[in-house]
Structure formats: structure tokens, C-alpha cells
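Coordinate-derived values only; no laboratory data. Owing to the predicted nature of the structure, the values given are computational and were not obtained by experimental measurement. Cβ coordinates were reconstructed from backbone atoms using ideal geometry, including for glycine residues, and neighbour counts include every protein chain displayed.
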Number of protein chains: 2
Amino acid sequence: MGLTKSEIFTSEQNEISSIAKVFGHPARVAILQHLFKIDSCICGDLVDEIGLAQPTISQHLKELKKIGLIKGNITGTSICYCIDKDNWSQMKTVLSVFLNQDINEKNNCC
Amino acid sequence: MGLTKSEIFTSEQNEISSIAKVFGHPARVAILQHLFKIDSCICGDLVDEIGLAQPTISQHLKELKKIGLIKGNITGTSICYCIDKDNWSQMKTVLSVFLNQDINEKNNCC
DNA sequence: CCTATTAATCGTAATATTGCAATATATTAA
DNA sequence: TTAATATATTGCAATATTACGATTAATAGG
């Protein structure tokens with residue numbers, strides 16, 4: 001069906017998977033890395049930096065915006081995107097809880 | 001096209017997104033959480049625990065196995081799955097580098 | 001051998017994702 | 001106003017994902 005049955009999972013499980021899904025494409029990983037690397041904001045050079053067409057980059061930016069990891073403000077004809085630091089931190093906290101489950105693990109039969 | 005252009009990205013970007021993609025479905029998150037929670041191995045009760053059909057669970061387990069996060073050994077007619085601790089740790093390291101990019105961040109124009 | 005049990009695989013339908021050309025929108029500059 | 005520039009949106013084709021019924025394979029117990 002291609003349709004995830006979100007309703008049978010906890011909100012935590014859905015939140016973790018929603019965040020992870022956004023990271024699940026190399027273009028979006030590359031966009032985020034680039035936004036961190038140049039510690040001022042960039043505008044439209046993501047299209048040159050990454051080798052994808054402008055509508056494709058725009059679509060990926062939309063995904064990142066939707067989940068709140070980036071924000072953009074208009075500067076003339078261009079738009080300046082950057083990481084939303086507060087949301088990035090919050091997201092890290094959610095993922096950390098999931099990723100660090102193993103610290104309390106005792107035995108492992110396999 | 002539905003086809004990711006992996007070849008234009010770095011191996012690190014592809015690795016991060018591959019891991020994240022596996023976490024990008026709540027059923028796989030739930031499976032991993034359950035495997036951590038019961039600190040002995042489980043067999044086929046994942047189907048009861050999560051509310052999805054057996055072939056669906058089997059398919060998700062396959063994805064998790066493919067990327068190396070879980071392993072299973074045969075015990076009679078059932079198969080005992082558990083987290084691959086070494087690979088889990090390695091995966092955490094890869095993701096941590098990506099998630100902690102913000103610690104060196106200086107300014108933020110937005 | 002036959003049957004029950006467990007899990008994988010196959011086949012398929014429904015939906016989602018990716019990518020881009022074409023177009024629309026919005027702002028600046030002349 | 002017109003042209004140029006930057007980004008978003010639309011529409012569409014190709015491919016991927018999700019889910020499950022039906023079937024298959026493998027093992028255990030009788």
C-alpha cells in the first residue's frame with residue numbers, strides 16, 4: 001500500500017521516524033552540512049554546491065523547513081537559509097534517547 | 001524519478017542517509033526498542049507486539065539485518081533476533097559526528 | 001511419513017518519493 | 001513599466017516503499 005500505519009505506533013516512535021526520514025536522503029544531509037560549514041547564511045548557491053536542479057533543491061528545503069530544522073528569511077530577491085538551532089537541539093535530544101538505549105543493556109544472546 | 005542520485009554525494013553523506021532511512025519508519029523504531037527492552041532475545045512475538053502482519057514484520061527485519069543493526073540465529077523452528085551491539089555503536093559514532101556539527105557553530109544570521 | 005509451527009519469499013495493489021522541465025511569483029534594477 | 005534574478009509551485013514520469021494474502025521452506029513432534 002505504501003501507506004505507513006502511524007496510528008498503531010507511539011508518538012515517540014512516530015517522532016523519531018519522522019526526523020530520521022528527513023535525514024534519509026543524501027541531498028538533505030548535504031544541505032544541512034553546508035549550512036553548518038559556512039557559518040554565515042547562504043542563499044541560492046546550494047544548487048551549485050549540490051548537483052541537483054533548482055526545483056529539486058527547493059523541494060528538499062521545503063522538507064527541512066516543514067520539520068523545523070531550517071528557517072529562511074528573505075533578503076532582496078534571494079532567501080537566506082540557516083539551521084534553526086533551538087529545534088536542532090531538541091531534535092538531537094529526541095534522537096539521543098533512542099540511540100543511547102544500549103547503555104543500560106545487560107545481556108545479548110546472539 | 002524516485003531514484004536517488006547517490007553518485008553525486010560523498011560516501012559519508014550516503015552512509016548517514018542510509019542509516020537514517022532505516023530509522024525512518026516507526027515499525028523499525030518499535031522493533032529496535034523492543035529488542036532493547038527485553039534484554040533476552042525474542043523470536044516471533046514481534047508480530048503480536050507490533051500490530052502488523054507477519055510478512056510485513058519480516059520485511060522490516062530484513063531491512064534492519066541488511067544494514068547490520070540486528071542479527072538472528074535459528075533456534076528450532078523460530079529465529080532469535082537481537083541488536084548487533086558492535087554495529088550499533090559504530091552507527092552511533094557516524095550519526096554523532098553529523099548531529100554534533102552545531103557545537104562549533106559561531107554565528108547564525110537568521 | 002504426516003502435521004503443526006515459524007519465518008521467508010512471492011506477487012501485487014496502493015501510496016510515497018525523487019527529479020526535473022515548465023511555469024508562476026516576487027523583488028530589484030534600470 | 002520592463003527586464004533580470006531568485007525561488008516556489010505545478011505537473012508528470014520513473015522508481016521506491018509499505019502492507020498483506022498466498023505460498024514456500026525448514027524444522028520439530030508424533
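Ordered shortest first, which distances in nm separate the 7 Å Cα→C-beta label point of A:I74 from those of the other copies?
Here A:I74 shows inter-copy label distances of 6.4 nm.
Which ³J(HN,Hα) values, rounded to whole Hz and listed in residue order, are derived for the range A:21-33 from phi using the Karplus coefficients 6.51, -1.76 and 1.60 in 6.51 cos²θ - 1.76 cosθ + 1.60 with θ = phi - 60°, glycine and proline given as x?
Once θ is set to phi - 60°, the couplings for the range A:21-33 become 4, 5, 6, x, 9, x, 5, 6, 4, 5, 4, 5, 4 Hz.
Given the Cα atoms of the protein assembly as shown, and with Rh set as the inverse mean 1/r over their pairs in the Kirkwood sense, what is Rg to Rh to two decimals? Before the final figure, lay out the partial values.
Values: Rg = 18.9 Å, Rh = 18.7 Å.
Value, to two decimals: 1.01.
Taking a 32 Å limit on the Cα-Cα distance, which of the listed pairs A:K65/B:K85; A:K62/B:K92; B:K5/B:K62; A:K65/B:K92 fall beyond it?
Working: A:K65/B:K85 34 Å; A:K62/B:K92 27 Å; B:K5/B:K62 24 Å; A:K65/B:K92 25 Å.
From A:K65/B:K85; A:K62/B:K92; B:K5/B:K62; A:K65/B:K92, over 32 Å: A:K65/B:K85.
Return B:L52, B:L32 ranked ascending by Cβ neighbour count within 10 Å, so the fewest neighbours appear first. Before the final figure, lay out each step's value.
Numbers: B:L52 19, B:L32 24.
Exposure proxy ranking, most exposed first: B:L52, B:L32.
Just to confirm the number: angle between the C-alpha axis of helix B:85-99 and the first principal axis of chain B, 0 to 90 degrees, nearest 10?
Taking Cα atoms only, the helix is inclined about 30 degrees.
So what's the projected area for the range B:15-96, the Cα convex hull averaged over all directions, in nm²? Please report the intermediate quantities before stating the final value.
Working: hull surface 21.1 nm².
Average of the hull's projected areas for the range B:15-96 equals 5.3 nm².
How many nanometers, to one decimal and shortest first, lie between the label point of B:I38 and those of its other copies, if labels sit 7 Å from Cα toward Cβ?
Copy-to-copy label distances at B:I38, shortest first: 5.2 nm.
What is the average number of partner chain Cβ atoms found within 10 Å of a Cβ in B:51-63?
On the way: counts 4, 3, 0, 0, 0, 1, 0, 0, 0, 0, 0, 0, 0.
If you average over the peptide's residues, the count of other-chain Cβ atoms is 1.
Where nothing but the Cβ of Lys and Arg (+1) and of Asp and Glu (-1) is charged, how large is the charge dipole of the protein assembly as shown around its Cα centre, in debye to the nearest 20? List each step's numbers first, then the result.
Numbers: 22 positive and 24 negative charges, 47 e Å.
Taking the Cα centre of the protein assembly as shown as origin, the dipole is about 220 debye.
Between the label point of A:K62 and that of the same position in each other copy, find the distances and list them shortest first in nm, with every label point placed 7 Å from Cα along the Cα-to-C-beta direction.
Between copies, matching label points for A:K62 lie 3.2 nm apart.
Taking θ = phi - 60°, what integer Hz values does the Karplus form 6.51 cos²θ - 1.76 cosθ + 1.60 yield along the range B:65-77, in sequence order, with x for Gly and Pro?
5, 4, 8, x, 6, 10, 9, x, 10, 6, 10, x, 8
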